[in-house]
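The values are calculated or read from the model by the stated rules, or taken from the named source; none is laboratory data. Computed from a predicted model, the values in this text were never measured in an experiment. All Cβ positions, glycine included, derive from the backbone under ideal geometry; neighbour counts span all protein chains shown. Areas reflect the complete protein model, heavy atoms only, side chains present, ligands, DNA and RNA absent. Shrake-Rupley method; radii C 1.70, N 1.55, O 1.52, S 1.80 Å.
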Amino acid sequence: MKAFTEEIGRAVVIPNDSINTDIILPKQFLKNILKTGFGKDLFFDWRYLEDGSLNPDFELNKPEHKGATILITGTDFGSGSSREHAVWALTDYGFKAVIAGGFSDIFYMNATKNGLLPIVLPEADRAVLRQVKADELITINLPQQEVIYNTQAFHFDINPQWKEKFIKGEDDIDHTLQFANQITAFEQKRPNFG
C-alpha cells in the first residue's frame, strides 16, 4: 500500500445518496481478479450512454474533472454487495479519498485495506465542499485529520490503527510481517505431530 499523509488534489462532486457497489462497479465487470483495469468501468451505467459513448452530462466525463483524486458524495456510500472490486475501480480510476456522510461497514474496511481513504463528514461540512470548483484544490491532512478547503478546515475521525497504516503505507500483510521472527519462533516450538 502506498503511504498517505497528505493529498492535495482536485475534487469531483457526485452528491447522490445511497450509491451502492452495483452502481460503483456493475456485476458484469467482476471477472478480473487483479486490482487494476477497473477504472474504465467505474460508474459504468452513469458514465456511458446506451451506444457506448461517454455521457457528457456525467461529472467524471467532463474535461475539467479529469485527474480528480478526491470524490465528494452523499450518505450511505458503498452499500450493497461486499465486492472489493468497487474499491479497486475507484483507486484504479485515480481516487485517493472518498468523502461521504457514511459508508457501509464492508466497503469502509475494503477501502482501508486497499489504500482508499474513507472520510466521514457531516452534511454541513459536505455542503461547503460541494461548492468546490474544478480548478480549486482540496487538502486532506491525515496526521491532523483535516480536510481543508479555502480557509476552512473540517475535522474527521479515523481509527488510530488505520491512520497509522495509511501513514506508513502498510497493509495487513506488511503489518503481520513485522512479527515474522516471533511467528517463526512460535512455529519452531510447536510439536510436530506429522
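Which percent of the accessible heavy-atom area of the chain goes to carbon and sulfur, probe 1.4 angstrom?
The nonpolar share, carbon plus sulfur, comes to 53 percent.
Per residue, how many Å² of accessible area does the chain show with a 1.4 Å probe?
Value for the chain: 54 Å² per residue.
For the charge dipole of the range 6-188, defined by +1 on Lys and Arg C-beta atoms and -1 on Asp and Glu C-beta atoms about the Cα centroid, which residue among PRO15, GLY101, TRP46 has the Cα displaced farthest towards the positive pole?
Farthest along the dipole direction, towards plus: TRP46.
Report, in listed order, any pair from LYS2/LYS66; LYS96/LYS133; LYS31/LYS168; LYS66/LYS113; LYS27/LYS133; LYS27/LYS66 with a Cα-Cα distance greater than 29 Å. List each step's numbers first, then the result.
Numbers: LYS2/LYS66 22 Å; LYS96/LYS133 18 Å; LYS31/LYS168 31 Å; LYS66/LYS113 25 Å; LYS27/LYS133 32 Å; LYS27/LYS66 25 Å.
Cα-Cα > 29 Å for LYS31/LYS168; LYS27/LYS133; rest within.
Please get the size of the charge dipole for the range 1-134, origin at its Cα centre, with Cβ charges of +1 on Lys and Arg and -1 on Asp and Glu, quoted in debye to the nearest 20.
Computed about the Cα centre, the dipole is about 440 debye.
Heavy-atom accessible area of LYS113 with all protein chains present, probe 1.4 Å, nearest 10 Å²?
Looks like 90 Å² after rounding.
Sorted by accessible area with a 1.4 angstrom probe, largest first, how do HIS155, HIS85 fall?
Order by accessible area, largest first: HIS155, HIS85.
For the modelled label position 7 Å from the Cα of LYS27 along Cα-to-Cβ, which residues of the range 65-98 have backbone nitrogen atoms closer than 13 Å?
Answer for the range 65-98: 81-83.
Dividing the alpha-carbon Rg of the range 132-194 by 2.2 N^0.38 Å yields what?
1.93
Counting only the heavy atoms of the protein chains, how much of ASP125 is accessible to a 1.4 Å probe, in Å² to the nearest 10?
30 Å²
Can you show me the helix-derived [θ] at 222 nm for the chain, built from DSSP H runs with n ≥ 4 at -39,500 (n - 2.57) apiece and divided by the number of residues, rounded to the nearest 500.
Result for the chain, helices only: -7500 deg cm²/dmol.
Can you tell me the convex hull volume per residue for the range 1-158, based on C-alpha atoms, in Å³ to the nearest whole number? Before the final figure, lay out the partial values.
Details: hull volume 16.6 nm³, N = 158.
Spelled out: Cα convex hull of the range 1-158, divided by residues, is 105 Å³.
Out of ASN181, ASN159, ASN110, any idea which swings most in a Gaussian network model of the chain, alpha carbons joined below 10 Å?
ASN181
Sorted by accessible area (1.4 Å probe), largest first, how do PHE107, PHE186, PHE29 line up?
Largest accessible area first, the list is PHE186, PHE29, PHE107.
Enter the accessible area of ASP135 (Å², nearest 10), with the probe set to 1.4 Å and all protein chains included.
Accessible area, nearest 10 Å²: 120 Å².
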